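The values are calculated or read from the model by the stated rules, or taken from the named source; none is laboratory data. Just so we're clear, the structure is a prediction, and the values are computed from it rather than from any experiment. With ideal geometry, Cβ positions are generated from the backbone for all residues, glycine too; neighbour counts draw on all protein chains shown. Heads up: the accessible areas ignore ligands, DNA and RNA and are worked out on the full protein's heavy atoms, side chains in. Shrake-Rupley method; radii C 1.70, N 1.55, O 1.52, S 1.80 Å.
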Amino acid sequence: MSLVKVTIDQIEVEVEAGTTILNAARIIGGGVVPPAMCYYSKLEGSGGKCRTCLVKVAQGSAKDPRPMPKLVPSCRTLVQDGMVVQNITSPEVMEARKAITEFLLINHPLDCPVCDQAGECHLQDLSYDHGLADTQTVEDRRTFAPIDIGDKIKLHMNRCILCYRCVMVADQLTDQRVHGVLGRGDHCEISTHILKAVDNDFSGNMIDVCPVGALTDKTFRFKSRVWFTKPFDAHRECTKCSGKVVLWKKGDEILRVTGRKNKYGELEEFICNDCRFEHKEPNDWQIEGPRKIERHSVIGQNHYEKL
Amino acid sequence: MAQQILLKNSDVPGLASFEVYRKLGGYASIEKTLKNFTPDQVTDEVKKSGLKGRGGAGFPAGMKWSFLDKSTSNPRYFICNFDESEPGTFKDRHIGQLNPHQLIEGMILGSYALGARTSYIYIRGELFYVLRIIEKAIAEAYANGFLGKNILGSGYDLDLYCHPGAGAYICGEETALIESLEGKRGNPRIKPPFPAIVGLYDCPTVVNNVETIANLPWIMNNGAEAYAAIGVGNSKGTKLISACGHINKPGIYEIELGLPVEEFIYSDEYCGGIRNGNKLKAVVAGGSSVPILPAELILKTAKGEPRLMSYESLAEGGFETGTMLGSGGFIVMDETTCIVKNLLTFSRFYHHESCGQCSPCREGTGWMERILHRIENGHGTMKDIDLLVSISKHIEGNTICPLGDAAAWPVASAIRHFRQEFEDHVKLQKCPLSK
């Protein structure tokens, strides 16, 4: 594999040809990584939609040093040898990101106090980093009634930012497409077509890929704020999936089971609904130890390792 | 009388039938081309003619063809974009309805040049009656040996299909059109890769506008030089302009590019002046998405030269004092028009038609509409005007496809040129022109 050199915010890095700018930035890590609300490395075709990861390409490549005329989505733009990218060093990018954050929030209910995702929500993180302190909108937001997607998943369409990740999960898991997007524009709606439940052993992963609180686990809803629960790595023998999960415990009680996510909030492996919803007894699981959560500040503050 | 390429025989009764079209010299270009030209020679001919895409962007058609990936053994596709739905633009419908065989003839030439064995006309869902006309014409072309296997004994096979959309403006964007044609939701794809490399069914594809394709038979019959002799500067040939609004003679006119705008609006041969002898206030020169220009800037450029109906002249001055030829939807407004209300109508359209895939366009178009609605109805504030400018700036260039730009440009240009009128709405707390 040939290596190419790319400079992101004045930091040079060598990556394999065919890497996206976003993944090159993730190799560098730290502050130069653009936020990604829709890109998900394990979902084919994801990315390019939310526009939060827009960056400026100041030099296209060593061969053709012209800058790219518009900001480009870093999750879908491949690096070229000698490319120079500006992310946090470009005021233009930061202004665009601020605007995109505002766009994502104008139809969002901001109901974090009653939302199960609060504390591990990517939109929360994004608005802490790039949001305005006040709102410029006075209009009503679009509203939908919450609906069930299958018997274990609740959809709050009001909170959805239409990243299409859950649609792609459903697309990749099942041949018979039952889950998709209805309507157009800001009245778009995630839906199982004609309210048909998604009946698949791995449908629960839609909850884990959702960057916001649009899809939540009905077995966990309103049980606890996530920062009061303590995550542990655990596993069990499972015939359907690897059985490697994170248990979210309050005292001895297992409140929630999720897949293991890396620091960008992406699942390491998809887990089955059996592990996720049906096994909540402590003796169902072999506990490996506390799980370190790097990304989400609120949970990260829980220094439970010492307990 | 100006040179007529597209409207020449449109008064002849029964032009939509094969017999009449053939009697008037139709399909001669196919006989000539399949016998005497290789596909690459056809592409060269189109390149030399200087024909630009007539759908709005004005990209040279021959150049677009030359980007087609010829290195793979995959099939290639040629698609006609008949999803004409820009407010103010209604020229393609005219060709499809009255002169479908000229479009089919162009489709055969284009497909031959690109090496496509299957081609599609993607027609807007609302134009179902035109679909019937085109399907009848396609059947006639098959029956007379101009479509199907071994066309005129040349060994070239072509199947042509007409496919209706389901009524979405966004499917006029070429990658959304391709998605829709594949039977998927009409969301634009993220580019690159461009359709010339990865298009329909992941095969190399060229998408052209109806009017572009309908020009091909004339170019092949009369030669690229003859075509390039019409027009001015880099704007070659003729252009259909669908003129509407407050003019005495709304309709579709074929002009030679380079006609002065003033002549187009005021001469009796074309629009015939403003209705009731009113004063001209503003013109949207190329369909609703191009920047609006006030009367003084549409008739004369900022340098004081007369403005011409051509790609370059209309664009002179950039977006500060210029606009675009676009798709040729020429909307004229007289002094009784409220610019804010007009803009609200445009914004409502873009809000309704945004596909909802990327956030700036999905959220921004609706937000702009709601603010404009407030201003028009007397509930706006001065801050709202600046907010509109900032929203349009943040949508422009940050979206997947040009629909975001198309929604942002009218807002930005209306406030740039008619800010006073927005402020009057805020101060009076109502529309100053309402009774």
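Odds and ends about this structure:
- C-alpha long axis of helix B:339-353 to longest principal axis of chain B, angle in °: 50 degrees
- Checking the Cα-Cα distances for A:LYS98/B:LYS52; A:LYS42/A:LYS250; B:LYS48/B:LYS191 against a 32 Å cut-off, the pairs over it are A:LYS98/B:LYS52.
- Region B:231-334 - accessible surface per residue (Å², probe 1.4 Å): 33 Å²
- Helix-only arithmetic for the protein assembly as shown: the sum of -39500 (n - 2.57) across DSSP H runs with n ≥ 4, divided by the residue total, places the mean residue ellipticity at 222 nm at -9500 deg cm²/dmol.
- Amide N of region A:172-189 lying under 11 Å from the label point, which is placed 7 angstrom from the Cα of A:ILE147 along Cα→Cβ: A:179-183, A:189
- Pairwise label distance in nanometres, B:LYS8 with A:ASP134, each label 7 Å out on the Cα-Cβ vector: 6.6 nm
- Set of aspartates and glutamates near B:LYS279 by C-alpha distance (under 12 Å), chain-local residues within fewer than 8 positions excluded: B:GLU296, B:ASP334, B:GLU335
- Per the Debye calculation on the protein assembly as shown with a single equal scatterer at every Cα and no solvent contribution, log₁₀ I(q)/I(0) for q = 0.08, 0.09 Å⁻¹ amounts to -0.73, -0.90.
- Note on the protein assembly as shown: with charges restricted to the Cβ of Lys and Arg (+1) and Asp and Glu (-1), its dipole about the Cα centre is near 500 debye.
- Hull volume per residue, based on the alpha-carbon atoms of region B:43-105 and their convex hull, is 119 Å³.
- Gyration tensor over alpha-carbon atoms, region B:123-198, equivalent ellipsoid semi-axes in Å: 28, 19, 7
- Among the listed pairs A:LYS240/A:LYS280; B:LYS91/B:LYS236; B:LYS300/B:LYS393; B:LYS91/B:LYS239; A:LYS5/A:LYS56; A:LYS56/A:LYS261, those with a Cα-Cα distance over 20 Å are B:LYS300/B:LYS393; A:LYS56/A:LYS261.
- Average accessible area per residue (Å²) across region A:107-217 - probe 1.4 Å, nucleic acids and ligands excluded: 41 Å²
- Burial order of peptide ranges A:143-154, B:284-295, A:283-294 (average beta-carbon count within 10 Å, highest first): B:284-295, A:143-154, A:283-294
- Based on C-alpha pairs under 8 angstrom that are at least 6 apart in sequence, region B:18-229 has a relative contact order of 32 percent.
- Solvent exposure of region B:1-141 amounts to 40 Å² per residue of accessible area, where only protein heavy atoms count and the probe is 1.4 Å.
- For the chain pair B and A, buried accessible area totals roughly 2800 Å², probe 1.4 Å, rounded to the nearest 100.
- Normalised by 2.2 N^0.38 Å, where N is the number of residues, the alpha-carbon radius of gyration of chain A equals 1.04.
- Around the amide H of B:PHE90, modelled in the peptide plane, lie the amide H atoms of B:SER242, all under 5 Å away and 5 or more residues distant in sequence or on another chain.
- DSSP beta bridge pairing in the protein assembly as shown, given as percent antiparallel to the nearest 5: 70 percent
- For region A:1-83, GluC sites (Glu not before Pro) are listed when DSSP marks them as loop and at most 14 other Cβ atoms sit within 10 Å of their Cβ; the list is A:GLU44.
- Within region B:332-419, the GluC sites (Glu not before Pro) that combine a DSSP coil assignment with at most 14 other C-beta atoms in a 10 angstrom radius are B:GLU335.
- Only one residue of B:CYS361, B:VAL426, B:SER390 has its Cα farthest out toward the positive end of the dipole of region B:356-435, where Lys and Arg carry +1 and Asp and Glu -1 on Cβ, and that residue is B:VAL426.
- Computed label-point distance, nm, for sites A:GLU14 and A:ALA62 using a 7 Å Cα→Cβ extension: 1.1 nm
- Loop-located chymotrypsin sites (Phe, Trp or Tyr not before Pro) in region B:287-335 whose Cβ has at most 12 other Cβ within 10 Å (DSSP): none
- Length-normalised contact order for chain B - Cα pairs under 8 Å, 6+ apart - percent: 16 percent
- Charging the Cβ of each Asp and Glu at -1 and of each Lys and Arg at +1, and nothing else, the dipole of region B:180-311 about its Cα centre rounds to 580 debye.
- Here the accessible area is traced with a 1.4 Å probe on the protein chains. For the protein assembly as shown, carbon and sulfur cover 52 percent of it.
- Computed packing ranks the peptides B:52-60, A:167-175 as B:52-60, A:167-175, most packed first, by mean other Cβ atoms within 10 Å.
- Mean separation of Cα contacts under 8 Å (6+ apart) over length of chain A, as relative contact order %: 14 percent
- Here region B:1-64 is treated as an ellipsoid with the same Cα gyration tensor; its semi-axes, largest first and in whole Å, are 25, 19, 10.
- q = 0.07, 0.10, 0.12 Å⁻¹: log10 I(q)/I(0) that the Debye formula gives for chain B, counting C-alpha atoms only: -0.34, -0.70, -0.99
- Partners for B:LYS64 among aspartates and glutamates (Cα-Cα distance below 14 Å; same-chain residues under 8 apart left out): B:ASP40, B:ASP44, B:GLU45, B:GLU174
- Partners for A:LYS292 among aspartates and glutamates (Cα-Cα distance below 13 Å; same-chain residues under 8 apart left out): A:ASP233, A:GLU305
- About the centre of its Cα atoms, chain A shows a dipole size close to 200 debye [charges on the beta carbon of Lys, Arg (+1) and Asp, Glu (-1) only; nearest 20 debye].
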